[in-house]
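Every read-out reported here was derived from the displayed coordinates using simple, explicitly stated rules and does not represent laboratory data. Predicted, not measured: the structure shown is a model, and the values here were computed from it. Using ideal geometry, Cβ is built from the backbone for each residue, glycine included, and neighbour counts are taken over all protein chains shown.
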Amino acid sequence: MTQKANVNSFLAMTLSETRFLDVPGGTIAYGVTGPENGPLVVCAHGMGDTRAAYRLLAPPLVQSGFRVATVDVRGHGESSTGWASYAPEEVAKDLLALVRHLGGPAVLVGSSSSTAAGPWAAKMAPDDVAGLVLISPFVRDAQLSWFLRAAQGAVTHSPLLWTMYYKSLFPVIEPADLGAHLRHLKATLKQRGRMAATRGVIAPTPVRWTEPAKDVRCPVLVVMGDRDPDFPNPEEEARMAVDLMAPVARLAMIDGSGHYPYQDRPEATTEVIRAFLKESVSA
């Protein structure tokens, strides 16, 4: 099977074999694959995305012996809409509920906005969190001009504009199946309540995880693409994240990668994450 065919088959699998977990306030959709006795890895995507974002990372982790659960964050994908809050503390509670449901502990993998939930979960329930992988975390709130704030407002109200913005986050390499993923995102975001959930993620402030960062005791891997267009200086942002959780955190910069290194540089990103997982838990 070619790499592209393998990607497409996994995308179809993640979208069809959906399980649901009721939590306070709604229902969380997720998919899980891998050996029943494998160390658990729970992956949460960023705002405006779905669990299909992990279509390139999950299969090689499963092949390495890990049990991988990919989650549609509240309000996104196939999870229910209309949540009272999309704050990272609440997302952390959802992830912990899934970890307990599947039989943890687990390493939590977060991308972009969902990285904020990881440190909250590690502080709330350290026995349930074996480690954290934070991909493209925001340490500082963006200081936007009135024009950029208006542009942000437009993007978070339009599925078309959102997918155009999403595409711009791959400034060097585009995944072979990016077009298919963008069509999937656009169709999903047209559903009632999906764009509201996207806005809800950043409604109060996008940076909330720095508060519990000092209390994180589990191993942490910060992953950042060196060409991430969301940051003026990606490496500086990443090193600030590492410093907040010293000495338990380490940094992996991915050369030639944008905001989603597990999509545009999946081999290099998988290598560093797999090595971290094997050190953190026994596969």
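So how do GLU236, GLU174 line up by other beta-carbon neighbours within 10 Å, fewest first?
GLU236, GLU174
What's the local net charge at GLY256, with K and R +1, D and E -1, over the other residues with C-beta under 13 Å away? The partial results should precede the final answer.
Numbers: positive: ARG227, ARG265; negative: GLU174, ASP226, ASP228, ASP255, ASP264, GLU267.
Net charge in that neighbourhood comes out at -4.
Show me the three semi-axes of the equivalent ellipsoid for segment 183-283, from the C-alpha gyration tensor (sqrt of 5 times each eigenvalue), largest first, rounded to whole Å.
On the way: eigenvalues 137, 73, 47 Å².
Listed largest to smallest, the semi-axes of segment 183-283 are 26, 19, 15 Å.
Sequence-distant contacts, meaning Cα pairs under 8 Å at least 6 residues apart, place the relative contact order of segment 160-238 at 33 percent. For the chain, the normalised intensity computed at q = 0.09, 0.10, 0.11 Å⁻¹ comes to -0.36, -0.45, -0.55 (log10 of I(q)/I(0), Debye sum over alpha carbons, equal scatterers, no solvent).
As a length-normalised measure over Cα pairs under 8 Å and 6 or more apart, the relative contact order of segment 3-280 settles at 19 percent. The string of couplings for segment 161-175 from the Karplus curve (6.51, -1.76, 1.60, θ = phi - 60°) is 5, 5, 5, 5, 5, 4, 4, 5, 7, 10, x, 10, 10, 9, x Hz, one whole number per residue in order, with x for Gly and Pro. Convex hull volume of the C-alpha atoms in segment 17-73, normalised per residue: 85 Å³.
Residues LEU134, LEU96 in ascending order of nearby Cβ atoms (within 10 Å, fewest first): LEU96, LEU134.
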